[in-house]
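The values are calculated or read from the model by the stated rules, or taken from the named source; none is laboratory data. This structure is a prediction, so every number in the text was calculated from the model and none was measured. Virtual Cβ from ideal backbone geometry, glycine too; neighbours counted across all protein chains shown.
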Amino acid sequence: MTDLPTGLRYLPDYFDRTGQQTLVEAIRNIVTEAPLFIPTMPKTGKEMSVLMTNCGPLGWVTDKERGYRYQAMHPATGRPWPAIPEMLLALWRDVSDYPDPPEACLINFYSASAKMGLHQDSDESEFKAPVVSVSLGDSCLFRVGGTKRGDPTQSFRLKSGDVVVLGGEARLAFHGVDRIYPSTSTLLKNGGRINLTLRRVTKA
Ligand SMILES: O=C(O)CCC(=O)C(=O)O
Ligand SMILES: [Fe+2]
């Protein structure tokens, strides 16, 4: 891998197999309390290919009518999101270089055919805090560019246990997931990939 954007930190194998299994068990419990939902694009209502849920005081949601936003309640159950697992709060303390805890942890489920188009994470009011991403299960091809949509991009593989920190100049870097590599991990019984992103939403 050549020069990554300034402020992008790639921490391969941050979580060992035991840590990954502990996280998957925690996510299983979160999904029981806060069921996965199908996110839809603002205005068009087009379904995204990932399934989502959240944990934390706030969760990221989207639908045709109200678009991208953070809210304290699950859109279908109307209940608050489950708490962020302590292991993820510890990760944030370790890598974020930000004094306050994350407020949202978005949980994305990718099937073998799911992807995520190039986008910026820009629905937060605090950009001084990084976005911290954890990959679990099958590997993916991750693409990252600059802060403008047309900037050149580079791609690299993320595998189970890897952590990526988008901070500093890279906080608003365009990024996306072009493809999943099926059967590259045995972590998830039914295959696929889980991505967790920890975000600070409001200014402390
Ligand atoms: O799945 C990933 O690695 C990235 C997810 C992402 O960019 C997001 O949820 O905003
Ligand atoms: Fe993102």
- prompt: Applying the selection to the stretch 151-184, what residues are within 14 Å of ligand 1 (Cβ to nearest atom), in contact with a Lys or Arg (Cβ under 9 Å, 6 or more places away or on another chain), over 20 Å from S125 (Cα atoms) and touching a residue at least 40 places away in the same chain (Cβ under 8 Å)?
  reply: F156, S160, G161, V163, V164, G176, V177, D178, R179, I180, Y181
query: Quick check, is E86 in contact with a Ser or Thr (Cβ under 9 Å, 6 or more places away or on another chain) and away from ligand 2 (no atom under 16 Å from the Cβ)?
result: no
message: Let me confirm something: among F142, F109, which residue is within 18 Å of H175 (Cα to Cα), at pLDDT 95 or above, within 13 Å of ligand 2 (Cβ to nearest atom) and of a type in the set (F, W, Y)?
response: F142
message: List the strands (runs of 3 or more DSSP E) inside the stretch 41-148, counting only whole elements, that have at least 2 residues being of a type in the set (V, I, T).
response: 131-137
